[in-house]
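What follows is a short report on a single structure.
The values are calculated or read from the model by the stated rules, or taken from the named source; none is laboratory data. Predicted model only: the values in this text are computed from it and were never measured. Cβ placement follows ideal geometry from the backbone for every residue including glycine, while neighbour counts extend to all protein chains displayed. Ligands, DNA and RNA are stripped out before the accessible areas are found, and what is left, the full protein with its side chains, is counted by its heavy atoms. Shrake-Rupley method; radii C 1.70, N 1.55, O 1.52, S 1.80 Å.
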Amino acid sequence: HLDTKTKEQARRAVGMGIFDDLGGVRIKEELKLILEGPERIKTLALLNELGGLGYLDKLLHFSTSVKASMRRAERLLDRIADLETGEAWVVYLGVLLSELPPDRSEAVLTRLQLTNKQKETVLDGLDLHRHMPVEMRHLKRSELFHLMKERPLGALAIAAAVAQIGTDLRRCLKLYIDELAQVKLEIGGKDLLALGFASGPRLGVALSEILDAKIDRKAVGREAELKLAAEILAGSLR
């Protein structure tokens, strides 16, 4: 919160350009503190009012739609346990830049001197819709899993937060993040060895097939997984 006098002084300082020479790293550190804080939405709204977001890009505005995406990102990140520690702010940064043209978003990331990994996460998240099949509703759950699993979780979170409500992309991203990414087998290589099968790469192939079956709800529970494993491995010996 800023009182009226302080707010006017800040607005005047921005208008005079006294912060124009701030380096990208300094701006990044201050922005990171804001995006990591619990009042990020109020703070960004205040910065927007004062004209401070122009130091990232003159076209950048904390619009109503970006604010809504930021709230979705907050709810989403509360449910994601596997996001790399300390990288939540990168997701919020991607959401903040989501309405800028791609070339201008990339220029902001370059100026802030993000790591290559952080930069890739943001750009991949903002551009994800271009790499997804137009018709996603007909994909099997396991096909969707393989389509998503190689991408950074932060990129998927950015894409899910900014995706248009009601679209296949948003629905599939939420399904993957909330459910499919959490699916784990109840058996492992030791269990397959205990069934009498020899060690080797075919065990890994079998486990991958069983995971797909579990994701597609065709093998539910440990006993079903073991039964399917025996069938797959016995068939590979014929």
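If you wrap a convex hull around the C-alpha atoms of segment 163-238 and split its volume per residue, what is the figure in Å³?
So the per-residue Cα hull volume is 101 Å³.
Between residue 8 and residue 58, 0.36 nm times their residue separation minus their Cα-Cα distance comes to what?
The span from residue 8 to residue 58 would gain 16.0 nm if fully extended.
Run the 1.4 Å probe and let me know the accessible area of residue 231, rounded to the nearest 10 Å².
100
For segment 108-132 and segment 169-238, compute the distance between their C-alpha centroids and round to whole Å.
What the calculation gives is 33 Å, centre to centre.
For residue 174, which aspartates and glutamates qualify as cross-link partners when the Cα separation must be under 20 Å and same-chain residues fewer than eight apart are set aside?
74, 78, 82, 84, 87, 124, 127, 135, 143, 150, 212, 216
Over the chain, with a Gaussian network built from C-alpha contacts below 10 Å, which listed residue (76, 169, 195) shows the highest mean-square fluctuation?
Comparing 76, 169, 195 in a Gaussian network model of the chain, the most mobile one is 195.
Run the helix sum for the chain: -39,500 (n - 2.57) per DSSP H stretch of 4+ residues, divided by residue count, reported at 222 nm to the nearest 500 deg cm²/dmol.
Counting only the DSSP helices, I get -19000 deg cm²/dmol.
Computing the accessible area with a 1.4 Å probe over protein heavy atoms, can you report the carbon and sulfur percentage for the chain?
54
Starting from the Kirkwood Rh over alpha-carbon pairs, what translational D in µm² s⁻¹ does segment 85-184 have by Stokes-Einstein at 10 °C and 1.306 mPa s?
Taking Rh from Cα pairs, D becomes 114 µm²/s.
Obtain the nm distance between the two label points defined at residue 198 and residue 115 by a simple spin-label model: each point lies 7 Å from its Cα along the Cα-to-C-beta direction.
If labels sit at residue 198 and residue 115, their model points lie 4.3 nm apart.
Modelling each spin label as a point 7 Å along the Cα-to-Cβ direction, I'd like the residue 104/residue 25 distance in nm, to one decimal.
2.8
Which chymotrypsin sites (Phe, Trp or Tyr not before Pro) does segment 1-91 hold that lie in a coil by DSSP with at most 14 other beta carbons within 10 Å?
19
Using a 1.4 Å probe, what is the accessible area per residue for segment 107-238, in Å²?
55
Please report the accessible area of residue 25 (heavy atoms, 1.4 Å probe, ligands and nucleic acids excluded) in Å², nearest 10.
Here the residue's solvent-accessible area equals roughly 60 Å².
Please list, short to long, the whole-number percent of alpha-carbon pairs of segment 142-187 in consecutive 5 angstrom bins beginning at zero.
5, 22, 33, 24, 10, 3, 2, 1
Please compute the volume of the convex hull spanned by the alpha-carbon atoms of the chain and report it per residue in Å³.
Taking the convex hull of the Cα positions in the chain, it is 143 Å³ per residue.
Return the loop-located GluC sites (Glu not before Pro) in segment 174-210 (DSSP other than H, G, I, E, B) with at most 12 other Cβ atoms within 10 Å of their own Cβ; answer none if there are none.
179
Each residue of segment 179-192 in order: what ³J(HN,Hα) in whole Hz does its phi give by Karplus 6.51 cos²θ - 1.76 cosθ + 1.60, θ = phi - 60°, with x for Gly and Pro?
3J(HN,Hα) across segment 179-192, in whole Hz: 10, 5, 5, 8, 5, 9, 6, 8, 10, x, x, 4, 5, 6.
How many nm separate the modelled label positions at residue 18 and residue 231, each set 7 Å beyond the Cα in the direction of the Cβ?
Placing both labels 7 Å beyond Cα along the Cβ direction yields 7.4 nm.
Using a Förster distance of 25 Å, how high is the FRET efficiency between residue 143 and residue 82, based on the Cβ-Cβ distance and rounded to 0.05?
Efficiency at R0 = 25 Å is approximately 0.75.
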